[in-house]
Each structure stands twice: as C-alpha cells, then as structure tokens.
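Below you'll find the structure, written out as structure tokens, and then a few comments.
The values are calculated or read from the model by the stated rules, or taken from the named source; none is laboratory data. What you see is a predicted model, and the numbers here were worked out from it, not measured in a lab. No Cβ is skipped: glycine too gets one built from the backbone with ideal geometry, and neighbour counts run over all protein chains shown. Each accessible area value is taken on the protein alone, full model and side chains, heavy atoms only, with ligands, DNA and RNA left out. Shrake-Rupley method; radii C 1.70, N 1.55, O 1.52, S 1.80 Å.
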Amino acid sequence: MADYQVSNAVVAGDPPVTGALVAYLLIGLCAISALVSAGGVVVAAPLVGLLGFVGVIVAYIKRAEAEGTWVASHLRWLIRTFWYSTLWGVLGGIVFVLLFIVFLLGPLLAFGIWGATSLWVIYRVIRGYLLFKDSKPIPGM
C-alpha cells in the first residue's frame, strides 16, 4: 500500500473565494437592511449596517491575496460599490438636513436617494455574484 500525504494547506495562487463570498454576503445583507429600514423597520438598520463595513474590510484584507486572479476584480467591484454607496448615503444625509430646514422636503428626497442607492447596491451584488458563481471576472475591472 502506498502512503499518500494529505495536506489542508492552501496552495499559493489559489484565489480567496471564501473571503470574496463572505464580502458579497455581508454587503448584500447591509443593502437589504438599508432598504427595509427605509420602509419603516429602522430598528435593525444600525446593527445590520455594520455588516457593510465588515464586508469591505474583508474585501480589503483579501485583495492582496487575490491579486492576479479572477477574484481580484470581484473584490475591487465590492470595494467600489461600498464607497460609492457610502458617498450617496452621505449626500442623502446632507439633503435631509439642508432641505428639511428650508423646504421640509428633505426627508422625502433623502429616503428616495437612500432607497435608490440600496437598490443599486443590491443590483451590483447580484450582478457580481452571478459572475462569481461561474468563476468569471467582472468585465472591465
């Protein structure tokens, strides 16, 4: 009988598939919770909103490990999705405050911006994941 060595070590160059999948899950859950909170379920929003930050931290940590693999484009995709959605979230907050004082339309416009941003993030998570599950990179990334 031949003895075979079994190793659980990750071979150098293997893409961090699990890390990218965790980042997709966390950022997607954050976007869904933001959409639900805009509909009136505000209680979970602060707690689940932290998942987006954890997701982008995972993406940043795994980015160097993914360099040169098809997963690298997915991590860049998620990082950009997070930061653009954060920018739109801050813009919605500014609209909320400034227009609330002046026109009382701030909350309506802000919730519209936040809802559209959440839908955009959900779209990007779904689009990216559909390519991810087929082990394909994001085109143009």
Over the stretch 85-116, the set of residues within 23 Å of ALA20 (Cα to Cα) and either open to solvent by 80 Å² or more (accessible area, probe 1.4 Å) or over 12 Å from the mean Cα position of the chain (by Cα) (or both) is LEU87
Could you tell me which residue of the stretch 74-84 is most open to solvent (accessible area, probe 1.4 Å), considering only residues that are farther than 11 Å from THR117 by Cα and in contact with a Lys or Arg (Cβ under 9 Å, 6 or more places away or on another chain)? ARG80
Quick check on TYR129: is it part of a helix (DSSP H, G or I) and either of a type in the set (Gly, Ala, Ser) or modelled with pLDDT under 95 (or both)? no
Given (1) farther than 20 Å from VAL36 by Cα; (2) in contact (Cβ under 8 Å) with a residue 60 or more places away in the chain, index of the condition TRP114 fails: (1)
Neighbours by Cβ (under 7 Å, 6+ apart or cross-chain): first from the stretch 53-70, under 25 Å from ALA31 (Cα atoms); second aliphatic (A, V, I, L, M) and open to solvent by 30 Å² or more (accessible area, probe 1.4 Å): VAL58/VAL22
